Amino acid sequence: MNKMLLYPRLAVNGIKKNRRTYLPYILTCSGMIMMYYITSFLTVSSFVKEMKGGDIMQQLLFMGCGVMVVFSAIFLFYTNSFIIRRRKTEFGLYNILGMDKRNISRILLWETLMIFVISFVVGISCGILFSKLAELALTKMLGGAASYTFDIELKSIIHALVYYAVIFLLILINSLRQIHLANPIELMKSENSGEKPPKANYVLAVMGGIILGAAYFMAVYIKEPLSAIFAFFAAVLMVIAATYLLFISGSVAVCRVLQKNKKYYYKTNHFISVSQMAYRMKRNGAGLASICILSTMVLVTLSSTICLYIGEEDMLRDRYPRNFIIDTYSVEEEMTSLTHKAAQDVLEKFGETPVNVLHYSYLNVTGGFSGDRVILDSNRIAELESSFDPDIRQIFFISLADYNRLTGKNETLAEGEVIIYTAKDQYNYNSITLDEYGTFAIKERAEDFADCGTDAMIGIPSVYLFVNDEAVIKELYELQLGIYGQYHSMMHDYYGFDLSCDEDKQAEIGNEIFENILKLREEHSGNWSGVSLDCAARDKADFYAMYGGLFFLGILLGSVFIAAAVLIMYYKQISEGFEDKAKFEILQKVGMTKDEIRRSINSQVLTVFFAPLAAAGVHMAFAFGIISRLLTLFGLTDAGLFAVVTLCCFMLFGILYTAVYLITSGSYYKIVSGRE
């Protein structure tokens, strides 16, 4: 019986003696499990699903669950490596005293099992406790009625149990691998064995600089939003690789330069700190790079999702210039008249009169721009899209009569002349040539035009060409019909209007108009190309759900990334503190005072600790443009708002980062000075 209890007792004693490293680890594991349960709970919650926009919210949160599990696995593996390094000396002692590696494996098994059980129980308990608060927060975002019933999702608990049990099993296997591959002497010396001071590999440092420069160039140069999607992910991978190369190889080179500077290096506080950094910079550089990447992830995640949430009202109005938008796709005017009549019948039934009416016809096609030439052929556009930064735009052809009616002007155009208006980008040429049609001279550049909401949806720049008469638009329609075949664009009749009644009544009217249009479509299916009905009052719940879900997910993931960065900083300082303790004891014996130790510590920490924050700020500055262009795909075009939000996030994160520095540097000093 005592033999059966020996391993659990040794495991408990091991955790107690190393509580300084195990307690943050257990809290982090619990936090990860708590976050996963809350996200999973909201994903399967029937109450959230029944709310307006709940389906979209749950789809976003479902993706968040996957991100949470993958990040948990990577991060817990990383942090566990710090703990195992601290424990190897203890396991080496067990081995020398007669305990074989199979017995040590049993201790590790019990430790892992205990930590998992504690973390899971605490995490699930806190998750259940705070899940209701998260549900109420989502209800507030979606504008729903709060429910005060308390639910526990067994499905989410089971999923958390399975996923995190697998993660802890993999961590255990990795720990056992390290123990079984090392001999007792290596285990005894592992904690005190630093790394050989690597040579300043200038080749890798230059390579890192080139990769980072290329990533920055992509982020700044690419203007087209759709191209920015692929460029962004490529740039992210390049920045991650370059950051690790520069922090590992570049930091070694910096240490070598500092050592050659005799005025700087041969001072008590600098001599100790620089020599220590050079001795173990490989691991130190990797840790700093990890902190930098996590800091950048925090800034990108929080700034973008907060900006989308703050700007959702403006984006809603951009997307819906009128409360009701009926877009009929047909070349036959009879279908357009029938559609308008179907809507008017419903309005008369409810006793409502449309106001602020916006009505015009247009033809829109996608074109690839090369100078003042527009390519309409789909194959050649595809070739253009494969270039580094293609100029793809949406082109709207509208009659001059509609332009004059909507703007209140009385413009005239000669044959072959157009008035141009551009959105999201400029067109700086005096003429525009459409392949296989001809060249238009630009007579005037309009400063504004009534937007139909398409700009907010498609994200790419738009060009509005106001032509002399409808005959030109019909010729262009026939031209693109021959080019695109069954994938050609239709003529659009845009009919938007507002109503003075409340939103509930507007949503009811919208539903009935939609039903009338469906009946009309069935009656005239042979002559009908299509129609879309957008009702802001009916669709806003889904709209808010999308951006509210992104905001909620951003807060959750941002919190996880912050916790990860903080824990890496903590473990980095603690592990290095224990490594340096014996060295500073020797230095004190040869005459170094505690004040000199503190100055040396401050020099070392200040030299490297704020480098990740500064690098994250530089990464974010160069990424600002490409992220702004990606946000336009969501309908956010206010770059000024994004700049203010990003700056505020960086300042707040900087304050938190400084607080962590003060705490961890104090812990490091206590360890190396023998006060702990």
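Would you confirm whether any residue within region 522-534 is within 19 Å of R319 (Cα to Cα), surrounded by 15 or more Cβ atoms within 10 Å (Cβ to Cβ) and modelled with pLDDT under 80? No - not one qualifying residue is present in region 522-534. Residues T328, T301: which one is of a type in the set (S, T, Y) and assigned to a strand (DSSP E or B)? Result: T328 is the single residue among T328, T301 that is of a type in the set (S, T, Y) and assigned to a strand (DSSP E or B). If I ask for residues that are basic (K, R) and at pLDDT below 85, which ones from region 498-520 would you list? The one that is basic (K, R) and at pLDDT below 85: K519. Summed over region 143-183, residues that are in contact with a helix residue (DSSP H, G or I) (Cβ under 7 Å, 6 or more places away or on another chain), at pLDDT 85 or above and open to solvent by 90 Å² or more (accessible area, probe 1.4 Å) total 2. Within region 474-507, the set of residues being charged (D, E, K, R), within 30 Å of G351 (Cβ to Cβ), open to solvent by 20 Å² or more (accessible area, probe 1.4 Å) and touching a residue at least 12 places away in the same chain (Cβ under 8 Å) comprises D498, E503, D504, K505. In the set (1) without any contact (Cβ under 8 Å) to a residue 24 or more places away in the chain; (2) within 15 Å of the chain's Cα centre (by Cα), the condition left unmet by H619 is number (1). For region 394-425, filtered to residues that are of a type outside the set (G, A, S) and more than 29 Å from N356 (Cα to Cα), the residue that is least open to solvent (accessible area, probe 1.4 Å) is E417.
One line per residue, one yes/no per condition, for (1) at pLDDT 85 or above; (2) outside any helix (DSSP H, G or I):
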position: Y570; (1), (2): no, no
position: D595; (1), (2): no, no
position: S603; (1), (2): no, no
position: P612; (1), (2): yes, no
position: F634; (1), (2): no, yes
position: A643; (1), (2): yes, no
position: I655; (1), (2): yes, no
position: Y669; (1), (2): no, no
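Where helices (runs of 4 or more DSSP H) sit wholly within region 6-116, those with at least 2 residues that are closer than 30 Å to T664 by Cα occupy 19-44, 54-96.
The values are calculated or read from the model by the stated rules, or taken from the named source; none is laboratory data. A quick note: this is a predicted structure, and the numbers were derived from the prediction, not measured. So basically every Cβ, Gly included, is an ideal-geometry build from the backbone, and we count neighbours across all protein chains shown. Areas reflect the complete protein model, heavy atoms only, side chains present, ligands, DNA and RNA absent. Shrake-Rupley method; radii C 1.70, N 1.55, O 1.52, S 1.80 Å.
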